[in-house]
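Undergrad: I have a structure here, written as structure tokens, and I will follow up with some questions on it.
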Amino acid sequence: MERLNYQHLYYFWMVAKHGSISAACEILHLAQPTISTQLSILQESFGTILFRKQGRRLELTDTGRTVFHYADEIFSIGRELTQVLKGEHSENSLRLSLGMTDAMPKLIAYRLIEPLVKMPESVQIQCHEDKTERLLAEISLHSLDIVLSDVPATPASGKGIFNHYLGQSQVAIFAHPDLAKRYQDNFPRALNGAPFLLPTGNTVLRRSLDQWFDKNDLSPSVQAEIEDSALLKTFGSKGIGLFFSPIAVSDEIQLQYGAKILGKIDDVFERFYAITAQRKLKNPLIKVILDNAQQRLFE
């Protein structure tokens, strides 16, 4: 059987983690030609390209992503072995490889997995954020245990992928205190022409919001369209525009971003799903997430 060169794999893993050969060189204290040569040898041994150039950064190919997740698992186990030998690691530790879509509200995601970090057992969580299609592909390859998403997987995603409905939350409009004062009267009519930060058009929430604007005969002044929910709220915290978010995490939004609730939106909800490769859940940590959603977050 052909032997895998783990040193070459380690260099690949470091480049993939840090986004460029130069960044990996600084951390590993190696010359750039050394790592470039080792990467070339690794790609030749696999018979495929693992990276493609994207500006100044290197982007993983589909095969490269698969190799990266295996490498991540391999070197994670290596760290675990070292900790066990040093007496720093519990043999009963639990592990979860979790993916979340770009549009998934990060505060919701944290609330869902929060019980895991508070468990008495040792728990290791690996979080990956990406496009829904790529995450579902990794679920099929068993590179991920679970994906948290604002949309369910469709039959086109392939066989052996299952949706677990977590719950829903009504959506509200949030604003920097200065903007809130300006638009709080005569809600929602006062919002006509108001500055808004909106999710991108490929999201379910954006389509629901467009329908709500049309229903109420409102024409928003779109300041920015932002796919990442955390970045959108950061813009909103600077007073650039009004923004939408689930009411289930309103306390955190007001505390973390200094925003105020301007008003709730009728008939607009965000729904959330856990997607797995098994209908019967084998990883006990996934069951903790589902139970937490049903019993505490989306009561």
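Undergrad: For V151, which sequence-distant residues (separation of 5 or more, or a different chain) have an amide H within less than 5 Å of its own amide H, given hydrogens modelled in the peptide plane?
TA: Y273
Undergrad: Oh, and also: Over what distance in Å are the Cα centres of segment 146-167 and segment 229-299 separated?
TA: Here the answer is 17 Å between Cα centres.
Undergrad: Using the membrane-span-like helix rule (whole DSSP H runs, Cα extent along the own axis of at least 24 Å, mean Kyte-Doolittle hydropathy at least -0.5), which helices of the chain qualify? Numbers along the way, then the final one.
TA: On the way: long enough: 62-85 (35 Å, -0.10).
Span-like helices in the chain: 62-85.
Undergrad: Indicate, rounded to the nearest 5 percent, the antiparallel portion of the DSSP beta bridges found entirely in segment 160-281. Kindly include the intermediate steps, with their values, before the conclusion.
TA: Working: 16 of 21 bridges.
If I count the DSSP bridges inside segment 160-281, around 75 percent turn out antiparallel.
Undergrad: At 7 Å along Cα-to-Cβ for each site, give me the label-to-label distance between R79 and R52 in nm.
TA: Computed distance between label sites R79 and R52 equals 3.0 nm.
Undergrad: Sorted by packing (mean other beta-carbon atoms within 10 Å per residue), highest first, where do 286-296, 9-19 land?
TA: 9-19, 286-296
Undergrad: Counting only residues 5 or more places away or on other chains, whose amide H sits under 5 Å from the amide H of V123 once H atoms are built in the peptide plane?
TA: Amide H to amide H, under 5 Å and 5 or more residues apart or across chains, V123 pairs with L94.
Undergrad: Kindly identify segment 1-137 as rounded, prolate or oblate by the Cα gyration tensor criterion: order the square roots of the eigenvalues as a ≥ b ≥ c, call it rounded if a/c is under 1.5, otherwise compare a/b with b/c, prolate if a/b is larger, else oblate. Numbers along the way, then the final one.
TA: Working: a/c = 2.03, a/b = 1.35, b/c = 1.51.
Oblate is the answer for segment 1-137, as a/c is 1.5 or above yet b/c matches or exceeds a/b.
Undergrad: For segment 95-253, with only Lys/Arg (+1) and Asp/Glu (-1) charged at the beta-carbon, what is the dipole magnitude about the Cα centre, in debye rounded to 20? The partial results should precede the final answer.
TA: Working: 15 positive and 19 negative charges, 35 e Å.
Dipole of segment 95-253, to the nearest 20 debye: 180 debye.
Undergrad: Taking amide H positions as placed in the peptide plane 1.01 Å from N, state which residues far from G239 in sequence (5 or more) or on other chains have amide H under 5 Å from it.
TA: When sequence neighbours closer than 5 places are left aside, the close amide H contacts are H176.
Undergrad: Mean residue ellipticity at 222 nm from the helices of the chain, using -39,500 (n - 2.57) per DSSP H segment of n ≥ 4 over the full residue count, to the nearest 500 deg cm²/dmol? Please report the intermediate quantities before stating the final value.
TA: Details: 11 runs with 126 residues, N = 299.
After summing the helix terms and dividing by the residues of the chain, the value is -13000 deg cm²/dmol.
Undergrad: Cα-Cα pairs above 22 Å in segment 168-269: how many percent?
TA: Numbers: 904 of 5151 pairs.
Percentage above 22 Å: 18.
Undergrad: Springs between alpha-carbon pairs under 10 angstrom, Gaussian network model over the chain: which of K131, K159, K260 fluctuates most?
TA: With Cα springs under 10 Å in the chain, the top fluctuation among K131, K159, K260 is at K159.
Undergrad: Next question, about the same structure. Please give the contour-minus-distance gain from D291 to E133: 0.36 nm per residue of separation, less the Cα-Cα distance, rounded to one decimal in nm.
TA: 54.3 nm
Undergrad: Can you work out ³J(HN,Hα) from phi for every residue in segment 162-167, in order, using Karplus 6.51 cos²θ - 1.76 cosθ + 1.60 and θ = phi - 60°, giving whole Hz and x for Gly and Pro?
TA: Whole-Hz 3J(HN,Hα) from phi for segment 162-167: 10, 9, 10, 5, 9, x.
Undergrad: Straight-line reach from K118: which lysines fall under 21 Å, measuring Cα to Cα and dropping same-chain residues less than 8 apart?
TA: Once the sequence-local lysines are set aside, what remains near K118 is K106, K282, K287.
Undergrad: List the extent of the Cα atoms of the chain along each of their three principal axes, largest first, rounded to whole Å.
TA: Result for the chain: principal-axis Cα extents of 72, 42, 39 Å.
Undergrad: Taking the chain as a Gaussian network, Cα atoms linked when under 10 Å apart, which of S157, S45, S97 shows the biggest mean-square fluctuation?
TA: With Cα springs under 10 Å in the chain, the top fluctuation among S157, S45, S97 is at S45.
Undergrad: Run the reach check for K238 against lysines, Cα to Cα strictly under 18 Å, same-chain hits fewer than 8 apart removed. What comes back?
TA: K181, K260
Undergrad: Magnitude of the Cβ-charge dipole of segment 37-152, K/R +1 and D/E -1, about the Cα centre, nearest 20 debye?
TA: Charge dipole of segment 37-152: 380 debye, to the nearest 20.
Undergrad: If you build a Gaussian network model of the chain, linking Cα atoms that sit under 10 Å apart, which residue out of L197, L58, L205 swings the most?
TA: So, out of L197, L58, L205, the one fluctuating most is L58.
Only the coordinates and a few stated rules stand behind these numbers; no lab work does. A quick note: this is a predicted structure, and the numbers were derived from the prediction, not measured. Here Cβ is always computed from backbone atoms with ideal geometry, including for glycine, and neighbour counts include all displayed protein chains.
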